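The next block holds one structure in the form of structure tokens; read it before the comments.
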Amino acid sequence: MTRSEELFEKAVKLIPGGVNSPVRAFGSIGGCPRFIDHADGAYMYDVDGNKYLDFINSWGPMILGHNNPLIREAVIKACEKGLSYGAATEKEVEMAELITGIVPSIDMVRMVNSGTEAVMSAVRAARGYTGRNKIVKFMGCYHGHSDAMLVQAGSGVMTAGIPDSAGVPGGCTKDTLSAVYNDVDSVKTLFETFPEEIAAVIVEPVAANMGVVEPKREFLQGLRDLCTKYGAVLIFDEVITGFRLQLDGAQGFYGIQPDMTTFGKIIGAGMPVGAYGGKREIMSLISPAGPVYQAGTLSGNPVAMSAGLAQLNYLKDHPEVYTGLNAKSDWFFGEMKNILEECGKNYQINHVGSIGSLFFTETPVVNYATAKSSDTKAFAEYFKYMLENGCHFAPSQFEAIFLSAIQTKEELSGVLDMFHAYMMRK
Ligand code: PMP
């Protein structure tokens with residue numbers, strides 16, 4: 001028995017499913033998750049001493065690789081001054097200044113502790129601002145686990161929300177409307193049906209939670225136009241794309257300004273952080289400035305802020321990180337495509353900047369329905385092969401591959417060789 005297996009056996013008795021977040025459990029793959037001991041640079045090391053080239057990168061924030069000395073030092077220095085005060089600090093002002101300086105659509109920003117909280121709070125702000133209740137989200141987009149966001153993709157755009165999880169009362173999702181990703185008409189229909197009831201449209205500007213699905217630019221522009229026309233708040237959930245596609249995220253990448261933005265883990269560089277921000281007239285409504293209540297004991301935690309500031313300031317001062325990372329990613333995903341072609345496989349590779357997915361389907365993946373056409377058994381087999389050969393991808397067909405700036409072309413070439421060998425064999 002490996003140490004990971006021993007730990008997992010113990011863990012399932014003590015922690016639901018043996019993990020503190022479901023996807024870590026290898027649910028759709030089967031088998032035992034690897035328990036990680038430490039991570040450094042481009043690699044994670046498990047408790048059995050196995051080494052993995054890491055493509056999870058903590059689901060995004062490790063854009064500079066693990067255990068970056070600059071960030072580590074900033075954290076240690078902050079720790080020496082105490083871990084938490086529950087009182088205002090200079091670092092929070094610095095962080096707010098940095099974010100509002102980088103992202104033009106954000107006049108004011110509030111720190112929270114996770115992406116879930118950021119979305120939950122942004123939706124509340126949008127409802128408070130508009131005095132309306134309904135929210136439009138897209139099938140296959142994930143916005144954290146707050147009640148209103150856990151809505152199953154129903155049969156068709158007009159379906160009122162059906163909760164996707166036990167324990168979510170129907171009342172919590174009755175105002176959540178589902179639309180089809182990359183299909184502006186599906187949203188237009190909802191606005192025509194409820195012209196004065198929709199508070200917000202929330203979207204992952206690049207979908208990354210049904211695997212990576214690239215938005216058509218007209219789709220994002222269409223959402224912008226509809227929200228403006230009907231007086232609804234456009235929320236870009238940039239928990240994955242923020243400070244990753246480029247410094248100002250997907251909104252900069254596609255040149256479209258939302259009214260509000262949510263961010264997540266990348267702001268904390270690996271510490272538990274989220275943030276939401278947007279137009280002054282909306283953000284001024286948040287407590288204690290206004291009537292929309294939102295709070296958090298650990299929000300803006302000085303250690304987390306120090307980690308985040310070290311990472312974001314570095315990225316701001318080194319734009320070549322993005323040019324290099326995106327060019328390397330174009331090459332890597334492009335090579336994957338070439339290999340598939342050479343091996344006569346018509347699987348789909350989607351990628352935008354440094355996030356991408358390999359879908360085991362011959363159907364181009366443009367939304368939830370087409371993503372679901374993937375052969376998850378084929379993915380599981382492939383995942384296990386790559387893991388056994390020292391590559392740790394996210395253990396699900398419907399998650400992104402995250403590249404980091406620290407992975408070298410040589411390391412990635414090794415992965416491509418492995419990929420080639422696998423595809424030739426199959
Ligand atoms: N929004 C998006 C787009 C996400 O990808 C996630 C999680 N990866 C969340 C919200 C929720 O973030 P968290 O897990 O930090 O609550």
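So Phe383 passes all but one of these: (1) surrounded by fewer than 21 Cβ atoms within 10 Å (Cβ to Cβ); (2) modelled with pLDDT of 95 or more; (3) in a helix (DSSP H, G or I). Which condition number does it fail? Going through the list (1) surrounded by fewer than 21 Cβ atoms within 10 Å (Cβ to Cβ); (2) modelled with pLDDT of 95 or more; (3) in a helix (DSSP H, G or I), Phe383 breaks only (1). Does at least one position in the stretch 196-210 carry a residue that is charged (D, E, K, R), within 18 Å of Gly140 (Cα to Cα), within 16 Å of the ligand (Cβ to nearest atom) and crowded, with 16+ Cβ neighbours inside 10 Å? Taking every residue of the stretch 196-210 in turn, at least one turns out to be charged (D, E, K, R), within 18 Å of Gly140 (Cα to Cα), within 16 Å of the ligand (Cβ to nearest atom) and crowded, with 16+ Cβ neighbours inside 10 Å. The set of residues in the stretch 125-137 being closer than 15 Å to Thr173 by Cβ and either charged (D, E, K, R) or within 12 Å of the ligand (Cβ to nearest atom) (or both) consists of Arg127, Lys134, Lys137. Taking every residue in the stretch 100-117 that is among the small types (Gly, Ala, Ser) and pairing it with any residue that is within 13 Å of the ligand (Cβ to nearest atom) and not in a loop (DSSP other than H, G, I, E, B), at least 6 positions away or on another chain, the pairs with Cβ-Cβ distances below 6 Å are Ser114/Gly274; Gly115/Gly274. Among the residues of the stretch 386-426, those identified as outside any loop (DSSP other than H, G, I, E, B) and of a type in the set (Ser, Thr, Tyr) are Ser413, Tyr422. Give me the pairs: first residue in the stretch 125-147 and among the polar types (S, T, N, Q), second residue more than 16 Å from the ligand (Cβ to nearest atom), beta-carbon distance under 8 Å, and six or more apart or on different chains, which are they? So the pair list comes out as Thr130/Ala199; Thr130/Gly231; Thr130/Ala232; Thr130/Val233; Asn133/Arg127; Asn133/Asp175; Asn133/Glu197; Asn133/Ala199. Among the residues making up the stretch 244-272, those that are β-branched (Val, Ile, Thr) and in contact with a strand residue (DSSP E or B) (Cβ under 7 Å, 6 or more places away or on another chain) are Thr261, Thr262, Ile267. The criterion of at least 1 residues that are farther than 30 Å from Phe55 by Cα and not aliphatic (A, V, I, L, M) is met by the following helices (runs of 4 or more DSSP H) wholly inside the stretch 175-293: 184-193, 217-230, 280-283. Taking the stretch 64-82 as the range and being hydrophobic (A, V, I, L, M, F, W, C) and either surrounded by fewer than 12 Cβ atoms within 10 Å (Cβ to Cβ) or within 26 Å of the chain's Cα centre (by Cα) (or both) as the test, the residues that pass are Leu64, Leu70, Ile71, Ala74, Val75, Ile76. Take the conditions (1) small (Gly, Ala, Ser); (2) over 30 Å from Ile71 (Cα atoms); (3) part of a strand (DSSP E or B); Ala369 misses just one of them, which is (3). Taking the stretch 295-320 as the range and being of a type outside the set (A, V, I, L, M, F, W, C), within 15 Å of the ligand (Cβ to nearest atom) and either buried (at least 17 other Cβ atoms within 10 Å of the Cβ) or not in a loop (DSSP other than H, G, I, E, B) (or both) as the test, the residues that pass are Ser299, Asn301, Gly308.
Summed over the stretch 55-77, residues that are within 16 Å of the ligand (Cβ to nearest atom) and on the phi < 0 side of the Ramachandran plot total 5.
Residues that are part of a helix (DSSP H, G or I) and away from the ligand (no atom under 12 Å from the Cβ) within the stretch 95-123 comprise Met95, Ala96, Glu97, Leu98, Ile99, Thr100, Gly101, Ile102, listed in sequence order. Evaluate the following for Ser21: is it touching a Ser or Thr at 6+ places or on another chain (Cβ under 7 Å) and modelled with pLDDT under 95? Spelling it out, it is not the case that Ser21 is touching a Ser or Thr at 6+ places or on another chain (Cβ under 7 Å) and modelled with pLDDT under 95.
Taking the criterion of being within 19 Å of Ile56 (Cβ to Cβ), more than 14 Å from the chain's Cα centre (by Cα) and crowded, with 23+ Cβ neighbours inside 10 Å, no residue of the stretch 245-279 qualifies.
The values are calculated or read from the model by the stated rules, or taken from the named source; none is laboratory data. From a predicted model like this one, the values you see are computed outputs, not experimental measurements. No Cβ is skipped: glycine too gets one built from the backbone with ideal geometry, and neighbour counts run over all protein chains shown.
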